[in-house]
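The values are calculated or read from the model by the stated rules, or taken from the named source; none is laboratory data. What you see is a predicted model, and the numbers here were worked out from it, not measured in a lab. In this analysis, Cβ positions are derived from the backbone assuming ideal geometry, glycine residues included, and neighbour counts consider all displayed protein chains. For the accessible areas, the whole protein counts, side chains as well, though only heavy atoms, and no ligand, DNA or RNA atoms are used. Shrake-Rupley method; radii C 1.70, N 1.55, O 1.52, S 1.80 Å.
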Amino acid sequence: MAGAIIENMSTKKLCIVGGILLVFQVIAFLVGGLIAPSPTTAVPYTSVKCIDVRKNHHKTKWLMPWGPNPCEKLKDFNEAVSRQIEANDIVFAVHIPHPSKEMSPWFQFMLFIMQLDIAFKVDNDLKENAEITLDVSLAYRDNVVDDWKEITHAVEIRKLKCTFGSPKTLESEGRHYDCDFLPFMEIGSVAHKYYLINIRLPVNERKGINVGIGEIKDIRLVGIHQNGGFTKVWFAMKTFLTPSILIIMIWYWRRITLMTRAPVLLEKVIFALGISMTFINIPVEWFSIGFDWTWMLLFGDIRQGIFYAMLLSFWIIFCGEHMMDQNERNRLSGYWKQVGPIAVGSFCLFIFDMCERGVQLKNPFYSIWTTEIGTELAMAFIIVAGICLCLYFLFLCFMVFQVFRNISGKQSSLPAMSKARRLHYEGLIFRFKFLMLITLACAAMTVIFFIVSQVTEGHWKWGDMTIQVNSAFFTGIYGMWNLYVFALMFLYAPSHKNYGEDQSNGDLGVNSGEELQLTTTITHVDGPTEVYKLSRKEAQE
């Protein structure tokens with residue numbers, strides 16, 4: 001009777017915890033959908049054509065498109081021809097942001113893509129596989145009366161991929177090519193109020209520089225930055241979740257260290273998963289508001305990579321440790337075939353990220369996709385990572401199949417087992433099915449919300465209420481994986497409750513040595529988990 005009361009209390013506690021987690025999950029989605037604005041904003045910019053006829057101009061002066069000291073402007077290139085102004089003396093100037101506005105550190109990053117307006121002209125046609133050379137400079141200032149200070153200067157080459165939908169005849173002159181967007185610039189921080197970009201298209205017919213690129217009419221940029229309101233909501237979530245996961249992680253490890261045995265492999269992996277989740281949660285981004293930390297994007301990629309690698313490793317080891325009759329358990333070396341592809345794939349993606357965002361720390365105009373060698377190298381890393389991911393999922397599916405096959409075999413023979421051994425296998429079966437259900441639900445939610453956020457306009461309107469779908473996706477999925485890790489550590493923490501001889505041994509009819517084998521996949525564990533206590537009541541009935 002007392003045992004049934006205790007198990008009812010455990011079941012009730014699990015239900016309460018599950019309900020609380022569900023409430024927090026709903027809140028995570030609502031915070032992004034109702035409170036946070038859209039995650040990012042795209043701002044179009046049209047460059048102003050300035051005249052600069054001085055020698056070595058890019059080293060001595062910055063040309064402003066507007067303001068108290070604006071540059072001398074050109075309306076179009078016909079004016080330049082009539083005034084005999086050479087192409088090397090024309091500067092395309094872009095001020096960020098637009099007049100009467102300021103940039104803010106809450107914007108976190110700036111990503112720019114370029115679009116060229118190229119007109120068809122019979123005597124100046126766009127050659128196939130043409131390349132455009134850009135002489136670009138970036139400067140900043142924090143006051144409208146201050147001098148511009150250079151951030152970087154670079155000479156970059158971009159491949160032009162354009163199509164022309166009409167016959168290339170005299171009647172088609174003046175029509176524009178349809179050109180793909182070009183990667184232009186990415187900066188991992190927005191530490192200053194004003195930025196200025198000066199772009200030159202140097203022409204050197206002898207060296208073939210900017211020859212055969214058509215008649216460029218305008219240069220347009222699209223700047224993308226994170227919304228300040230979303231950044232504040234995101235920081236607040238990180239600040240709240242960091243102590244939550246940290247507390248449950250300390251509690252979980254303390255429960256393990258109180259045991260008379262050493263931690264088993266599955267417990268170590270769950271703890272490592274908690275550490276990687278905490279590593280993502282720690283809101284170091286708060287410092288980016290006061291410091292010019294351009295490496296934050298790269299650092300964020302590394303943190304996410306570590307978490308996903310640990311999550312994939314956990315799923316493999318979780319399945320392996322539930323191979324009930326497998327002999328080579330509780331050893332990481334036994335999973336080298338399955339964990340190996342994760343390590344190789346993660347390393348390839350890390351190298352790719354270092355070749356892209358790592359170089360951008362010095363040159364924000366750099367892109368690995370702009371050269372043939374860079375493109376081939378990037379594709380090689382991505383293909384190898386994709387192959388590793390496919391191998392991983394093949395291993396994972398095979399292991400899940402093996403576990404379910406073992407479960408089917410054990411379930412048919414459960415009635416013939418002793419109560420102790422039957423409880424052991426029923427506990428394993430319940431835990432595996434329970435966590436598999438949660439894992440599939442989390443994965444499905446991630447995929448569904450990602451698809452919805454891509455195919456919708458970014459927000460839904462219900463009467464007077466606007467729901468930001470993209471923001472809900474980010475905050476909801478981020479909160480969901482935190483709750484997933486929280487649930488893992490809660491459910492797999494060993495219990496130290498003393499059930500008494502009449503409950504733990506008398507009801508089961510087994511000795512204490514056999515009782516100690518009911519709690520996990522390893523037979524020398526001496527404390528039941530919360531999931532086991534839930535399944536124990538069903539087994540007794």
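Regarding Val222, is this residue touching a residue at least 12 places away in the same chain (Cβ under 8 Å) and either under 17 Å from the mean Cα position of the chain (by Cα) or within 30 Å of Phe109 (Cα to Cα) (or both)?
yes
Here are the criteria: (1) open to solvent by 70 Å² or more (accessible area, probe 1.4 Å); (2) within 30 Å of Gly479 (Cα to Cα); (3) of a type in the set (Val, Ile, Thr); (4) modelled with pLDDT of 90 or more. Tell me which single one Thr46 does not satisfy.
The single condition Thr46 does not satisfy is (2).
Check Pro263 against each of (1) touching a helix residue (DSSP H, G or I) at 6+ places or on another chain (Cβ under 8 Å); (2) in a helix (DSSP H, G or I); (3) farther than 28 Å from Leu111 by Cα and name the one condition it does not meet.
With respect to (1) touching a helix residue (DSSP H, G or I) at 6+ places or on another chain (Cβ under 8 Å); (2) in a helix (DSSP H, G or I); (3) farther than 28 Å from Leu111 by Cα, Pro263 is out only on (2).
Looking at the range 51-80, which of its residues are outside any loop (DSSP other than H, G, I, E, B) and either more than 40 Å from the chain's Cα centre (by Cα) or at pLDDT below 80 (or both)?
Once the filter is applied, which keeps residues that are outside any loop (DSSP other than H, G, I, E, B) and either more than 40 Å from the chain's Cα centre (by Cα) or at pLDDT below 80 (or both), the range 51-80 yields Ile51, His57, His58, Lys59, Pro70, Lys73, Phe77, Asn78, Glu79, Ala80.
Quick check: is even one residue across the range 108-115 surrounded by fewer than 18 Cβ atoms within 10 Å (Cβ to Cβ) and at pLDDT 90 or above?
yes
Are any of the residues in the range 236-254 of a type outside the set (Lys, Arg), in contact with a Pro (Cβ under 6 Å, 6 or more places away or on another chain) and crowded, with 21+ Cβ neighbours inside 10 Å?
no
Can you name the residue in the range 413-435 that is in a helix (DSSP H, G or I) and of a type in the set (Ser, Thr, Tyr) and, of all such residues, is farthest from Gly320 (Cα to Cα)?
Ranking the qualifying residues of the range 413-435, first place goes to Ser413.
Check the range 326-347 and report whether any residue there is in contact with a Leu (Cβ under 6 Å, 6 or more places away or on another chain) and at positive phi.
The answer is yes; a qualifying residue exists.
Would you mention how many residues in the range 13-43 are at pLDDT 85 or above, open to solvent by less than 70 Å² (accessible area, probe 1.4 Å), assigned to a helix (DSSP H, G or I) and out of contact with any Pro (no Cβ under 9 Å at 6 or more places or on another chain)?
Counting residues in the range 13-43 that are at pLDDT 85 or above, open to solvent by less than 70 Å² (accessible area, probe 1.4 Å), assigned to a helix (DSSP H, G or I) and out of contact with any Pro (no Cβ under 9 Å at 6 or more places or on another chain) gives 5.
List the pairs whose first member sits in the range 301-318 and is more than 16 Å from Thr278 (Cα to Cα) and assigned by the TED database to the domain that holds Ser276, whose second member is buried (at least 18 other Cβ atoms within 10 Å of the Cβ) and among the aromatic types (Phe, Trp, Tyr), and whose Cβ atoms are under 7 Å apart, counting only residues at least 6 apart or on separate chains?
Leu312/Tyr392; Ile316/Tyr335; Ile316/Phe395; Ile317/Tyr335
Being assigned to a strand (DSSP E or B) and either of a type in the set (Ser, Thr, Tyr) or within 19 Å of Asn210 (Cα to Cα) (or both) is the filter here; which residues of the range 81-102 pass it?
The answer is Ile90, Val91, Phe92, Ala93.
Answer yes or no: is there a residue in the range 259-279 that is more than 25 Å from Arg431 (Cβ to Cβ), open to solvent by 10 Å² or more (accessible area, probe 1.4 Å) and not small (Gly, Ala, Ser).
Yes, the range 259-279 contains a residue that is more than 25 Å from Arg431 (Cβ to Cβ), open to solvent by 10 Å² or more (accessible area, probe 1.4 Å) and not small (Gly, Ala, Ser).
It is to be established whether one or more residues within the range 85-99 are touching a residue at least 24 places away in the same chain (Cβ under 8 Å), within 39 Å of the chain's Cα centre (by Cα) and open to solvent by 40 Å² or more (accessible area, probe 1.4 Å).
Checked the range 85-99: at least one residue is touching a residue at least 24 places away in the same chain (Cβ under 8 Å), within 39 Å of the chain's Cα centre (by Cα) and open to solvent by 40 Å² or more (accessible area, probe 1.4 Å).
I'd like the full set of residues that are buried (at least 19 other Cβ atoms within 10 Å of the Cβ) and outside any helix (DSSP H, G or I), limited to the range 280-299.
Thr294
Given the condition assigned to a helix (DSSP H, G or I), small (Gly, Ala, Ser), in contact with a helix residue (DSSP H, G or I) (Cβ under 6 Å, 6 or more places away or on another chain) and open to solvent by 30 Å² or more (accessible area, probe 1.4 Å), answer yes or no: does some residue in the range 334-349 qualify?
Within the range 334-349 (the criterion being assigned to a helix (DSSP H, G or I), small (Gly, Ala, Ser), in contact with a helix residue (DSSP H, G or I) (Cβ under 6 Å, 6 or more places away or on another chain) and open to solvent by 30 Å² or more (accessible area, probe 1.4 Å)), the answer is yes, since at least one residue qualifies.
Kindly provide the set of residues from the range 350-367 that are assigned to a helix (DSSP H, G or I), touching a Phe, Trp or Tyr at 6+ places or on another chain (Cβ under 8 Å) and either in the same structural domain as Met185 (by the TED database) or of a type in the set (Phe, Trp, Tyr) (or both), ordered by number.
Of everything in the range 350-367, just one residue is assigned to a helix (DSSP H, G or I), touching a Phe, Trp or Tyr at 6+ places or on another chain (Cβ under 8 Å) and either in the same structural domain as Met185 (by the TED database) or of a type in the set (Phe, Trp, Tyr) (or both), namely Phe352.
Based on what the data block shows, is Tyr499 modelled with pLDDT of 70 or more, out of contact with any Pro (no Cβ under 8 Å at 6 or more places or on another chain) and of a type in the set (Ser, Thr, Tyr)?
Considered against the rule, which asks whether it is modelled with pLDDT of 70 or more, out of contact with any Pro (no Cβ under 8 Å at 6 or more places or on another chain) and of a type in the set (Ser, Thr, Tyr), Tyr499 comes out as no.
Given Thr260, Thr278, which one is at pLDDT below 90, more than 22 Å from Gln226 (Cβ to Cβ) and either in contact with a His (Cβ under 9 Å, 6 or more places away or on another chain) or not acidic (Asp, Glu) (or both)?
Sole residue among the options that is at pLDDT below 90, more than 22 Å from Gln226 (Cβ to Cβ) and either in contact with a His (Cβ under 9 Å, 6 or more places away or on another chain) or not acidic (Asp, Glu) (or both): Thr260.
Can you spot a residue in the range 300-309 that is open to solvent by 30 Å² or more (accessible area, probe 1.4 Å) and more than 26 Å from the chain's Cα centre (by Cα)?
Looking through the range 300-309, none of the residues is open to solvent by 30 Å² or more (accessible area, probe 1.4 Å) and more than 26 Å from the chain's Cα centre (by Cα).
Every residue in the range 262-317 that is among the aromatic types (Phe, Trp, Tyr) and over 30 Å from Arg141 (Cα atoms), please.
Correct list: Phe271, Phe279, Phe307, Tyr308, Phe314, Trp315.
So how many residues does the range 198-227 have that are closer than 29 Å to Ser100 by Cα, touching a Ser or Thr at 6+ places or on another chain (Cβ under 7 Å) and among the β-branched types (Val, Ile, Thr)?
Number of matching residues: 3.
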